[in-house]
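Everything below concerns the one structure shown next.
No lab work stands behind these numbers, since they all come straight from the coordinates. Here the structure is a predicted model, which means the values were calculated and not measured. Positions of Cβ are backbone-derived with ideal geometry, glycine not excepted, and every protein chain shown enters the neighbour counts.
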Amino acid sequence: MLILFLLLFVGYAAGALLPFCFPAKPRTQSLLAHGCAGVASGAGIVLGLVGLFSPEPWTVSVRSTVPFLSLAVRLDTLSSFFVFTISLVGLAASIFAVDYVSELERKVSIGALGALFNGFLLSMTLVVLADDGFFFLIVWELMSVVSYLLVVTEHEKADVRYAGLFYFIMTHIGTAFVAVTFLFLYQASGSFSFEAFRDPAHRLPEDIRTLAFLMALIGFGTKAGIVPLHVWLPYAHPAAPSHVSALMSGVMIKTAIYALVRMYFDFLDGQFPWWWGFVVLMVGAVSALLGVMYALMEHDLKSLLAYHSVENIGIILLGIGAAMIFQSHGLKELAALALLAGLYHTINHAMFKALLFLGAGSLLYATHTRNMEEYGGLLRRMPWTGAAFLVGAASIAALPPTNGFVSEWLVFQSLFLSFHVPDMFLKLMMPLAASILALTGMLALACFAKAFGISFLALPRSPHARRAEEVPVSMRAAMGLLAVICVGLGLGPMVVVPLLDRVVAPFTEVSIAGNILAMDGWTLAPVSVEFSSLSTPAIALLLVAMGALGMALAALIGGSAQARRYKTWGCGIALSPRMEYTATGFVQPIKRVFATVYRPAVKLETEFLEESRYFAKRRHFEFHVEPVFQKYLYDPIIAFFTTMADRVKVIQGGSLHLYLMYIFATLIALLLFTV
């Protein structure tokens with residue numbers, strides 16, 4: 001394991017440093033940076049798999065001369081799972097970036113971009129490997145700062161600078177809560193070592209445990225993007241280069257999921273009151289529903305995908321919250337099932353969301369716009385990208401037999417098993433959460449029917465779409481890799497479930513893979529085959545058989561047919577892009593149903609002909625969804641601090657003597673305070 005870890009570390013370090021040896025050769029810089037990142041990611045994939053099968057955790061610790069700091073890493077099954085997930089997405093993003101960054105050559109330094117890319121992957125990997133609170137905070141901050149620098153890659157744009165600033169502030173608010181959480185644990189244990197945190201002898205007092213629970217939920221929830229702390233995602237993800245967006249949405253926000261599981265099930269020993277799980281469950285339900293609802297109204301493809309990250313983080317938290325509820329009532333097997341479902345969706349979301357962001361990057365590469373209203377007809381011009389995007393869309397919409405379907409089905413089963421909980425309130429609330437998840441799934445399907453249909457079908461609606469061409473081979477290969485993984489994770493639960501069982505078992509103290517898998521592993525049956533069961537390989541075979549049967553019947557009944565190409569019938573009228581559904585028109589019924597949430601603002605301006613007011617010369621339509629959280633939560637907070645800053649700035653008088661007096665007064669106050 002040490003060799004694999006060193007290969008991973010050296011690979012990312014080489015990818016960060018070697019490009020600067022060739023300052024005038026951007027193509028060479030790209031090959032070196034992303035080639036080294038690919039090698040390091042490959043080592044991370046192997047390291048994660050080895051760690052999953054290792055009987056004991058692997059640890060390395062190097063004492064530091066800095067007080068309280070120990071450079072300690074620990075590879076157990078939980079960290080192995082996340083190292084594997086990060087590295088798998090990192091490999092695909094590295095392959096994709098080789099050709100994608102050529103679009104940025106005239107705007108940014110490819111060497112610097114490649115160095116930050118490698119630093120980002122390394123910092124995320126170290127976050128899930130850290131075995132010391134102080135070291136964790138350092139690499140967590142490194143991950144945040146490097147991701148901020150990647151977000152502002154095109155810093156000459158005002159909207160990119162604003163997105164970067166918003167993200168920087170929000171991520172550091174979250175870091176402050178994380179730091180306070182670790183200080184609580186340090187106060188009880190007298191050490192920043194994770195081993196001391198998990199020692200039962202250092203158990204936190206009940207009131208401090210509750211504070212630690214809430215602080216961790218806010219701190220890590222900010223990075224994960226839970227509602228209402230999600231507002232940075234639709235700013236930061238679209239602003240970043242697309243291969244970076246794939247990493248941020250696919251795996252960076254999952255480091256927060258890792259931290260929450262580590263905090264609740266490891267450091268707090270899985271011992272908590274039922275209402276902790278209920279809070280996590282409700283946060284997940286609200287995040288899932290509002291995330292997909294706001295995604296539906298977006299016409300910027302990358303903003304749409306960013307809101308879907310909020311939705312899927314909510315689905316993951318539904319599983320984790322249900323696991324906490326079951327754990328609090330001593331139902332360990334059900335807790336293991338729910339936690340396994342949440343982690344299954346974690347890796348599934350990483351794969352299909354990375355695929356979709358790479359698909360969005362390919363559309364941006366080919367059309368130079370993110371606005372879906374300017375797409376159309378791209379499937380004919382970009383068939384490989386369209387096919388890969390369709391797999392990602394089917395996965396995120398939880399259509400069988402893709403990976404998103406399997407993990408969401410397991411989350412559903414966990415919530416429906418609430419009848420085992422003795423508390424009547426929870427027996428009612430958990431099925432309610434399941435109904436919210438069902439509504440979320442329906443809206444996600446509508447959203448990606450819009451995203452794929454408006455983008456790839458019908459006629460091109462702009463010169464950008466008419467001139468689009470298929471992307472280079474490396475970009476197609478990266479999307480193809482992730483598309484195959486999405487299908488594989490859906491068809492292979494008999495492989496995934498035993499691996500995830502190894503991750504979950506140490507926290508729930510039970511192994512449930514044998515109880516979930518039936519018929520030699522080809523069927524998932526969380527309770528019993530009679531109660532509920534699912535076989536995605538059987539579903540896939542059935543779909544293929546039905547398709548083949550339909551084609552055979554068509555050939556048998558219709559006989560030999562000759563193909564004839566002709567334009568689509570349009571009632572005698574020549575078809576034009578103006579006749580197509582737009583992204584705005586597609587979601588009008590949903591917007592009307594949920595108008596109370598959206599609070600839409602519609603503006604229609606009509607210019608009539610001078611000859612007659614009954615004939616319009618021009619119409620201009622604008623539609624906006626009111627940003628409720630930003631308007632009523634964040635804007636007042638920003639206004640308050642801006643006002644306070646304006647009042648406090650009077651102390652900045654520009655006099656050196658005055659500043660020395662401030663320092664002297666502060667020292668006197670500190671001395672009086674410590675006496």
Tell me, in nm to one decimal, what length is gained between W522 and L670 on full extension, where the rule is 0.36 nm per residue of separation less the Cα-Cα distance? 46.5 nm
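Would you mind ranking Y659, Y566, Y235 by Cβ crowding within 10 Å, fewest neighbours first? Intermediate values should be presented prior to the final figure.
On the way: Y659 13, Y566 5, Y235 21.
Sorted ascending by nearby Cβ count, the order is Y566, Y659, Y235.
May I ask you to derive the FRET efficiency for H329 and E195 from their Cβ-Cβ distance with R0 = 30 Å, giving the value to the nearest 0.05?
Details: r = 29 Å, r/R0 = 0.96.
For H329 and E195, the calculated efficiency is 0.55.
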Paramagnetic reach from R647 (point 7 Å along Cα→Cβ, amide N under 18 Å) across region 618-641: 636-641
Given a cut-off of 21 Å, name the pairs among K157/K302; K223/K302; K254/K450; K353/K591; K353/K450; K107/K353 whose C-alpha atoms lie farther apart than that in the structure shown. K254/K450; K353/K591; K107/K353
Running Debye on region 566-648 with equal point scatterers at the Cα sites and no solvent, what base-10 log of I(q)/I(0) appears at q = 0.21 Å⁻¹? -1.07
Residues R74, R380 in order from fewest to most other beta-carbon atoms within 10 Å are R380, R74
Using only the Cα atoms of region 629-674, construct the convex hull and provide its projected area averaged over every direction, in square nanometres to one decimal. 4.9 nm²
Label-zone membership for region 324-366, site H420, 7 angstrom Cα→C-beta point, backbone N under 14 Å: 324-341
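With a ≥ b ≥ c the root eigenvalues of the C-alpha gyration tensor of region 382-508, is it rounded (a/c under 1.5), prolate (a/b larger than b/c) or oblate?
On the way: a/c = 4.26, a/b = 1.78, b/c = 2.39.
Oblate is the answer for region 382-508, as a/c is 1.5 or above yet b/c matches or exceeds a/b.
Ranking request for peptides 503-510, 477-484, 666-673: highest mean number of other beta-carbon atoms within 10 Å first, then the rest in descending order.
On the way: 503-510: 19.1, 477-484: 22.9, 666-673: 9.2.
Descending mean neighbour count gives 477-484, 503-510, 666-673.
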Cut-off 19 Å (backbone N to label point 7 Å along Cα→Cβ of V50), residues of region 9-43: 9-14, 37-43
I'd like the distance separating the alpha-carbon centroids of region 322-401 and region 228-247, in whole Å. 15 Å
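So for M430, M644, fewest C-beta neighbours within 10 Å to most, what's the order? Numbers along the way, then the final one.
Values: M430 27, M644 10.
Ranking M430, M644 by Cβ neighbours within 10 Å, fewest first, gives M644, M430.
So if each residue of separation counts as 0.36 nm, and I subtract the Cα-Cα distance between V62 and L211, what length gain in nm does that give?
Details: separation 149, 0.36 × 149 = 53.64 nm, distance 3.14 nm.
Using 0.36 nm per residue and subtracting the Cα-Cα distance, I get 50.5 nm.
For the pair K567 and F9, what calculated FRET efficiency results from E = 1/(1 + (r/R0)^6), where r is the Cβ-Cβ distance and R0 = 41 Å, to the nearest 0.05? Display every interim value, and only then the final one.
Details: r = 59 Å, r/R0 = 1.44.
The formula returns an efficiency of 0.10 here.
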Show which aspartates and glutamates lie in cross-link reach of K567 when reach means a straight Cα distance below 12 angstrom and same-chain residues fewer than eight apart are skipped. none
How far is the Cα center of region 146-210 from the Cα center of region 472-538, in Å? 32 Å
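What does the extension gain come out to for A595 and R106, with contour length at 0.36 nm per residue minus their alpha carbon separation? Each step should come with its number before you reach the end.
Values: separation 489, 0.36 × 489 = 176.04 nm, distance 4.38 nm.
So the extension gain works out to 171.7 nm.
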